[in-house]
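Notes for the one structure printed next.
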Amino acid sequence: MTDSYDDLLKKAYSHISEKSISSERFVVPEAKAYIEGKTTILENFAEIADKVRRDKDHLMKYILGELGTSGKIDGTRAIFNGKFEISLFRMIIKSYVDDYVICSECGKPDTRLVKDDRVLLLRCDACGGHRPVRKRKVRTEPVSENLEEGQVLDVEIQSLSKRGDGVVKMGRYIMYVANAKPGQSVKIKISRISGSIVFTERAE
Ligand SMILES: [Zn+2]
């Protein structure tokens, strides 16, 4: 994706529907996702973006940022590199809706994103209220259960650290794997956990 964040915001502002949806029941479709090879497919991505009336690129950028991965929109689906649990998508989409869609004054979804100076505001067409969009990270729970020292896991390397170690982000954890390249699947044993930093050794 080559669009800058500002471009995406511009697109998001221009993506304004005249139609009010407060008369309809506002139910965001539950995320439908499945793992395919080394990727996770969010099957109903476009349906979700349409329902919340936000630009697809804007929503995509948000999900990618929360997952800490790369990916692309593919027609009505979205493809994310890495294996993610469906509960994580549901949490992220809920958080997106809370931050970028629902009016905190009246709780209605008849809102639009507008930029005032450099501040992004959520304006409500239902009650006239507006508030700055909160820029916060979702406090996601670990993808699986809590990790423990001595645990053996199969992981896929997502990126490289500055020191050249393989990096795997898993929920709130960041795992470092020596001598591993992005895309590589390795079996590792957790040697030490320090806060969210996980040190590993290879387990074969
Ligand atoms: Zn409102």
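I'd like the trypsin sites (Lys or Arg not before Pro) in the range 30-82 restricted to DSSP loop residues with at most 13 other Cβ atoms within 10 Å, sorted by number.
On the way: sites: LYS32, LYS38, LYS51, ARG53, ARG54, LYS56, LYS61, LYS72, ARG77; in loops: LYS32, LYS38, ARG53, ARG54.
Hits after loop and neighbour filter: LYS38.
Summarising the amide proton neighbourhood of LEU120: residues at separation of 5 or more, or on other chains, whose placed amide H is nearer than 5 Å comprise VAL133.
What's the extension gain from ASN146 to LYS181 if we count 0.36 nm per residue and subtract their Cα-Cα distance? Before the final figure, lay out each step's value.
Numbers: separation 35, 0.36 × 35 = 12.60 nm, distance 2.47 nm.
Here the answer is 10.1 nm.
For GLY71, the residues whose modelled amide H falls within less than 5 Å of its own, excluding neighbours fewer than 5 places apart on the same chain, are ASN81.
Scanning residues 5 or more positions from THR111 or on other chains, those with amide H under 5 Å from its amide H are ASP125, with H placed 1.01 Å from N in the peptide plane. Computed from the alpha carbon atoms alone, the convex hull of the range 152-202 holds 67 Å³ per residue.
Here the label points at GLU85 and ARG53, each 7 Å from Cα along the C-beta direction, are separated by 3.4 nm in the simple model.
The simple spin-label model puts a point 7 Å past each Cα toward its Cβ; for SER159 and PHE199 those points are separated by 2.3 nm. Note on the range 152-202: with charges restricted to the Cβ of Lys and Arg (+1) and Asp and Glu (-1), its dipole about the Cα centre is near 120 debye.
For the range 5-132, the fraction of C-alpha pairs farther apart than 25 angstrom is 24 percent.
Pairs spanning more than 28 Å between alpha-carbon atoms, out of LYS72/LYS189; LYS94/LYS187; LYS162/LYS189: LYS72/LYS189; LYS94/LYS187.
Throughout, read-outs are computed from the coordinates displayed, never taken from laboratory work. Computed from a prediction, not measured in an experiment: that's the story for all the values here. Ideal geometry is used to build each Cβ from the backbone, glycine not excepted, and the neighbour counts take in all protein chains shown.
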